[in-house]
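The values are calculated or read from the model by the stated rules, or taken from the named source; none is laboratory data. Bear in mind that the values here come from a model prediction, so they are computed numbers and not experimental data. A quick note on method: Cβ atoms are made from the backbone with ideal geometry, for glycine too, and the neighbour counts reach across all protein chains shown. Accessible surface is based on the protein model in full, side chains and every heavy atom, while ligands, DNA and RNA are left aside. Shrake-Rupley method; radii C 1.70, N 1.55, O 1.52, S 1.80 Å.
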Amino acid sequence: MKKGKKHQQVNCNGNNRPTSSSTTNRNEKGHGEHVSWKKKKLLDIHQALNSDPVDIETLRKAAVSEGGLLTDDIRRKVWPKLLNVNVYNLPTKPGRDVRENHKDYNQVLLDVRRSMRRFPRGMRVAEREVLQEQLIDIILDVLRKNPQLHYYQGYHDIVVTFLLVVGERMAIALVETLSNHHLRDFMDPTMDSTKHILNYLMPILEQVDRELHDFMLQAEVGTIFALSWLITWYGHVLSDFRQVLRLYDFFLASHPLMAIYFAAVIVLHREKEVKNSECDMAMVHHLLSNIPQNLPYEELIDHAQSLFTRYPPSQLAKRAALQSRKSIAISTFQDFQLTTLQQRPDSVLRRQRLTNGQLALTDDTAAAATPTSANQLVKMAVWGISATLGAAALAVAQTALEWGPDLLLQLF
């Protein structure tokens, strides 16, 4: 008997231990709760999108809360609402003349050519090259339409994220709006406004961890280590595209300064590493510049939100170092948020367009329906079998068919 009892206790790692009914029930319950949580979130998003006016506050909460917007299909529906973009009134595709005599063309070309790591692994060369050409055109088109905006290295890292998720035409609309609001301070002729945003980092650290703040001051490390984080919304420094998308959900639904609060929580998360390092500028800069790829993103997002509530920009701005310059992104944010509150659901926008007779093929949409454009769309769908982006492109097409066949041609 004792032997039998002993035998039942062998395999402490549980590999051969029979699963008890209570354990099975707990696992099933946990899985069920996870599924029901996702279903509830999907239902909330669906109801918010179909409310009239669209329930922007619920969409913002969904983008910020655990898991973000969950899928690219949902992002294609929610991102335009967060930025007040009408998907039935997208800009036309850039013409060939967009590159002619553009002062930034050569720099944009160099940056895009170097951006291969931003595209999914396994993507066919032909597909990537098509997308890189579209990326160049999107950037130059937005800059041409908005002469007050100035290109900066790293801008392409933001634009490519939108291109990979929503396609060329919707990316133009989203990026143009974003560039005139959340990213506006980075697009001044000089870096002064960008430095001003970076200057919020140390006051946040001082409020939360004075010892860490003083250590970094003593090391004279400054804030330049966080520059690429800020101006690319972390797209340049994170290798997992899913993590990048999770942060874009968060930032699109938040205040323009949330990206710098997120930088602060990354530093705070690594405070032991920083304090245990040599108090030397080069050493600390090297440590912080190499951002870990396994960060607890949901935990950090919660922390960043908490810090933003406890130490809002208006409170931090009272510090002498932050008083000398006015931020366009900050000063226009409240008005921008108000413009998003009276949007009609897509079903209504589509009916309005039908009523106005705008769904008939115009010269613009007829051009989009040429065999060349159609072949490109077919190629995008076929590429989807073997590449991550292709799958996303196919999902875009399926979503477009739900919204209306006319939109299918607008998206590519």
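Quick notes on this one:
- Where a residue in region 231-244 is among the hydroxyl-bearing types (Ser, Thr, Tyr) and its partner, wherever it lies, is not in a loop (DSSP other than H, G, I, E, B), with Cβ under 7 Å and at least six apart: Thr232/Asp157; Thr232/Ile158; Tyr234/Val244; Tyr234/Leu247
- Those residues of region 133-155 which are open to solvent by less than 20 Å² (accessible area, probe 1.4 Å), within 16 Å of His236 (Cβ to Cβ) and of a type outside the set (Phe, Trp, Tyr), in sequence order: Leu135, Ile139, Gly154
- Scanning region 385-393 finds one or more residues that are outside any helix (DSSP H, G or I), surrounded by 12 or more Cβ atoms within 10 Å (Cβ to Cβ) and at pLDDT below 50.
- So Val175, is it in contact with an Asp or Glu (Cβ under 6 Å, 6 or more places away or on another chain) and either open to solvent by less than 10 Å² (accessible area, probe 1.4 Å) or of a type in the set (Phe, Trp, Tyr) (or both): no
- Taking the criterion of being open to solvent by less than 40 Å² (accessible area, probe 1.4 Å), assigned to a loop (DSSP other than H, G, I, E, B) and under 20 Å from Ser228 (Cα atoms), the residues of region 105-124 that qualify are Ser115, Phe119.
- Inspection of region 285-301 identifies at least one residue that is aromatic (Phe, Trp, Tyr), within 26 Å of the chain's Cα centre (by Cα) and more than 24 Å from Leu217 (Cβ to Cβ).
- Elements of type helices (runs of 4 or more DSSP H) contained in region 129-220, each with 1 or more residues being in contact with a Gly (Cβ under 8 Å, 6 or more places away or on another chain): 155-166
- Within region 41-66, being touching a residue at least 40 places away in the same chain (Cβ under 8 Å) and over 17 Å from Asn84 (Cα atoms) holds for Val64, Glu66.
Quick grid of which residues meet (1) surrounded by 16 or more Cβ atoms within 10 Å (Cβ to Cβ); (2) farther than 25 Å from Ile330 by Cβ:
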{"site": "Ile204", "(1), (2)": "yes, no"}
{"site": "Val208", "(1), (2)": "yes, no"}
{"site": "His213", "(1), (2)": "yes, no"}
{"site": "Phe225", "(1), (2)": "yes, no"}
{"site": "Leu230", "(1), (2)": "yes, no"}
{"site": "Arg246", "(1), (2)": "yes, no"}
{"site": "Met258", "(1), (2)": "yes, no"}
{"site": "Val274", "(1), (2)": "yes, yes"}
{"site": "Glu278", "(1), (2)": "no, yes"}
